[in-house]
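Undergrad: Take a look at this one; I'll ask things after.
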Amino acid sequence: MAENRTTPAPNLTELLAARPAFSMHAQDGLCFENVPLNAIADAHGTPTWVYGAASIRARHAALSAALQAQRLNVRVHYAVKANDHLAVLDIFRGLGAGADVVSLGEFLRTQRVRIAPGEVVFSGVGKARGEIAATLQAGVGQLNVESREELEMIASVARLQGRIARVALRMNPDVDAGTHAKITTGLADNKFGIPAADIPELYAHAAGLDGIEPVGIALHIGSQILNPAPYEQAYAKAAAMVRYLRAQGLSVSVLDLGGGLGIGYGDEPGISLPAYAAVLRREVGGLGVRLMVEPGRSLVGPAGLLLASVLLEKHSAAKRFIVLDAAMNDLLRPALYDAWHGILPVNATALHGPCASADVVGPVCETADCFAAGRQLPPMAAGERVAILDAGAYGAVMSSSYNARPRVAAVMIENGRAHLITPRQPVAALWAEEAIPR
Ligand code: LLP
């Protein structure tokens, strides 16, 4: 498996040093937000997702501070797809954030924690008529439209309900975000958005449609973006579009700048938030529109980990394998994107032992079920625990029950205590709703 890293992999000490929410104690071993991970594993078993509420709040505060330092008033709409757990959404509600959703299910999750419906944006390239109807009925704040066909569908649903749908047109800026091909969205041949050349005519058409109020432009160019340059290009194009539409006499009051802010999966920093905020101010700060962003990963990714146990070490002539109880059905990112996730042993002694190369794998019957290839790790005894880092975003939400593996437990650390927020699914729940035709 080719791992998706361009810089040398950090060692265990470097990984730990780059993550202030983690600490290593001689007795207790690895702690996250001061709670020993061994204690969580003893209480709740493994694999278990562990999220840190303080870490989520700190990530949100850092983004807000960077934007405020540029004297920008930007609404943060948390991208629910990154981690849709009610406990996570409730933190964002408490912080006064809005939400960005891509399905009725995500919308209803936001409503379950009482995020104001008017603070929710409904994005996505394929919204079903029923989803449009239900979210409009509930008072969704804005729908980001990705095609002429969808615009007409929203208009007809809104007319039937006697409502006016506030829509932004999602522009495809044809900018290369320089990220993994499977998570880039802003190139002309990606399925997302409307080509810039088609926006003016469609916006004018929308302005004349009964049931529609076009409020602005949206864009999202991809995910895990570490360099501000593609944002600069995309935001410059968005600003030019806003000016052009206004010159045509059209009203534009909203600019939705998308998400995509990248995090450091090794010991490198994530995208510089001050540099990103400076780009935002320079390119779109003076437009006199309501600005909004839709970050997901950068707010929750580093605030979560997957806690797993070693089942056994297995040696072949060529290789050493560390087999965990967690697998690709729990955390899919390494198998799907060759994503690199740091892996830390939980026992203090292991951290300082001599390391040797190992493939860290799960029990699923796929060669792709590999969390790390050729990773430098100390000898690991059966039952020892490891933390797979930065799994707070696109972790649990992308998991499946492949190989009849039940959904694992989740814990949130709040006020220095670990709270069980999802119980481990009983295995019989996997088939509880199945039927056999007779
Ligand atoms: N807004 C829209 C319209 C999006 O499509 C996305 C992500 C976001 C916001 C949030 O992007 P973020 O800030 O999280 O980068 N499963 C992949 C990532 C897929 C992202 C899809 N869209 C992964 O695990 O890397």
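Read-outs throughout are calculated quantities, based only on the coordinates presented, and are distinct from any laboratory measurement. Computed from a prediction, not measured in an experiment: that's the story for all the values here. All Cβ positions, even for glycine, are placed from backbone atoms using ideal geometry, and neighbour counts span all protein chains on display.
Undergrad: Rounded, prolate or oblate: which fits the chain, taking a ≥ b ≥ c as square roots of the Cα gyration tensor eigenvalues, rounded meaning a/c under 1.5, else prolate when a/b beats b/c?
TA: Here the chain falls in the prolate category.
Undergrad: Within the set of other residues whose C-beta is less than 13 Å from the C-beta of Gly395, count the net charge using Lys and Arg as +1 and Asp and Glu as -1.
TA: Computed value for this residue: +1.
Undergrad: If you rank Cys355, Cys370 by fewest surrounding Cβ atoms within 10 Å, what's the result?
TA: So the ranking, lowest neighbour count to highest, is Cys355, Cys370.
Undergrad: If packing is taken as the mean number of other Cβ atoms within 10 Å per residue, what is the order of 336-343, 401-408, highest first?
TA: Result, highest mean Cβ count within 10 Å first: 336-343, 401-408.
Undergrad: With helices defined as uninterrupted DSSP H runs, which ones in the chain have an alpha carbon span along their own long axis of at least 15 Å and mean Kyte-Doolittle hydropathy of at least -0.5?
TA: 53-69, 148-161, 228-247, 273-284
Undergrad: Stokes-Einstein at 20 °C, 1.002 mPa s, Kirkwood radius from Cα pairs: D for segment 182-255 in µm² s⁻¹?
TA: It comes out at roughly 159 µm²/s.
Undergrad: Post the alpha-carbon centroid distance, segment 42-63 to segment 335-375, in whole angstrom.
TA: Measuring centre to centre over Cα atoms gives 21 Å.
Undergrad: Determine the gain in length on full extension of the stretch Ala240-Asn403; use 0.36 nm per residue of separation and subtract their C-alpha separation, reporting nm with one decimal.
TA: 53.6 nm
Undergrad: Beta carbons within 10 angstrom, averaged per residue: use that to sort the peptides 102-109, 205-212, highest first.
TA: Output ranking for 102-109, 205-212: 102-109, 205-212.
Undergrad: Moving to a separate point now. Which of the trypsin sites (Lys or Arg not before Pro) found in segment 190-256 are in a DSSP loop and have at most 16 neighbouring Cβ atoms, other than their own, within 10 Å?
TA: Here the sparse-neighbourhood loop sites are Lys191.
Undergrad: While we're here: Quick check: from the Cα gyration tensor, does segment 280-438 come out rounded (a/c under 1.5), prolate or oblate?
TA: Cα axes put segment 280-438 in the oblate bin.
Undergrad: Among the lysines in the chain, how many pairs, 8 or more places apart or on different chains, have alpha carbons under 16 Å apart?
TA: Final tally of qualifying lysine pairs is 4.
Undergrad: Given axes a ≥ b ≥ c from the Cα gyration tensor, I'd like to know whether segment 84-295 is rounded (a/c under 1.5), prolate (a/b larger than b/c) or oblate.
TA: Cα axes put segment 84-295 in the oblate bin.
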